[in-house]
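See below for the structure under consideration.
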Amino acid sequence: MPVWQKGERKGSFKVKFFDLTTLNRDNSPTMKAALSVTCVIVLCALGMIGISALIDAQTKADLQKKNDRLSSLASDASSASASVSGGEETSASSSETTPETTESYVGPASSATESSDTSSSSETSASSAASSETTETTEQTVTEKEYYDQVYAIGNMNVRSGPGTDYDIVKTLDYGDAIDVVAETDNGWYRTYNGNYVYIVLTQKDPVIVATPTPVPQQTSQASQTTTAATTTQATTQATTRATEAPSNGNIDGMKYYGVCRITFYGPQANGDGSYSTATATGATCSEGRTIAADWSIFPAGTIIYIPNDPLGGDGYYTVEDRGSGVKGDHIDIYAEAGESMSTTSAEVYIVS
C-alpha cells in the first residue's frame, strides 16, 4: 500500500509501501495485549451470566419446594380438623345411648323368696338416682381382662346377658350362691364361665354361710324292735312318709339318707368359638335326667343318688358324672338343656348303695 512520506528536503516526498507484515511487525505487542484483555472481559461476562442463571434456577427450585411444603401442611391441617370434628360428633351421638351400669341388690337380711320383679324395680330406682347425680354421660368401651376366681352372692341378684343393667336377665341367684368367674370388665362386672355377667359389688370372695335345717334321718320301722303303742304309731307314720316319697319304680329302703342339699341347674357350656360342649369331667356326655355335678370329696364320681319328687319330673335317680369349682359341699348341680333358666331349689338326697 503506497504511503506518501515527507522527504528530507523541503517539498520533496518519497513513497513508502505499508503492508500487513509491516503492520503486524510494528503493532504486535499492542494488538496482543488488546486481544487478551478483550478475551478476559468476554470470558468474565459469560461466567457472570452463567452464575446468574444458575443462582436464579436454584432460587426458583427452593421457592417451589417451599410452596409444595406449605400446600402439604395446609392439607394435613384440613384433614385433622375434619377428623376432630367428626370424632366430636360421634362422641356426642354415642353419649346419648351410654348404658347405666348401677344395679341394686337385696342384702342378706332380705327374704330369699323375694320376686325378681321387685329386684328389677330396685335396680331401676337405683339407676334413676345415679343418673340424676350425673349431668353428662360419656361413651365407654367395655374391656375385659382374664380373672379366674369363685365368688358368692351377698344378696338376691340378677344374672344378665351383658355387663350392664340394660341387658336381659338370664336368671336370679339367691343369697350365698357360688359363682365361677373367668373375666372382669372395666365397668364393674364379672363374666361367668358360661358367658353371663354379674355385678361385682353384689358379690364377695369369702363363702357365705347359709343356715340350713339340720336333717333328721328317718329310721326304718322295725315292728320287732318296739312294743309300746307310741313307738308303733311313730314307725307307722315314717313308713307312710317314705311310701309317699318313694318313686313308683323304686324303693328308698336300703338307701343311705344324706340330708338336704341345694339344687341348681346347668346347661351346655359355651366354647370360645361359639359352639357348646356337653362333655363331663369323667369323659361321658351330659344327659338330661341322668348327669349331675357334685363335690367328689362327698359324692365320688359314679355315685348314684336319689332325689324324691325329681325337679325335672323324672324317676329321681342321677349319676355323679361331672364337677365344677362352684359345686362344693351340700350342693347338687343337675344337667338340663334349659338349665341356666331354671331356679335354685333344695331337696332331700339319698345315696343309692
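Quick one: if the Förster radius is 22 Å, what FRET efficiency do Lys145 and Val201 give, using the C-beta to C-beta distance and rounding to 0.05?
Details: r = 18 Å, r/R0 = 0.81.
Plugging the Cβ-Cβ distance into 1/(1 + (r/R0)^6) gives 0.80.
Using 7 Å Cα-to-Cβ label points, what is the Tyr257/Ile304 separation (nm, one decimal)?
In this crude spin-label approximation the distance works out to 2.2 nm.
Within a Cβ distance under 14 Å of Asp68, other residues only, what is the Lys/Arg minus Asp/Glu net charge?
Values: positive: Lys60, Lys65, Lys66, Arg69; negative: Asp62, Asp76.
My count for the surroundings of Asp68 gives +2.
Tell me which residues come under 5 Å, amide H to amide H, from Gly155 once H is placed; ignore anything under 5 positions away on its chain.
Hits under the 5 Å cutoff: Gly176.
Tell me the label-point distance for the pair Tyr276, Ala80, using the 7 Å Cα-to-Cβ offset, in nm and rounded to one decimal.
5.3
Since every read-out is calculated from the coordinates, none of them should be taken as a lab result. Treat the numbers as computed from the prediction; the structure is a model and nothing was measured. Virtual Cβ from ideal backbone geometry, glycine too; neighbours counted across all protein chains shown.
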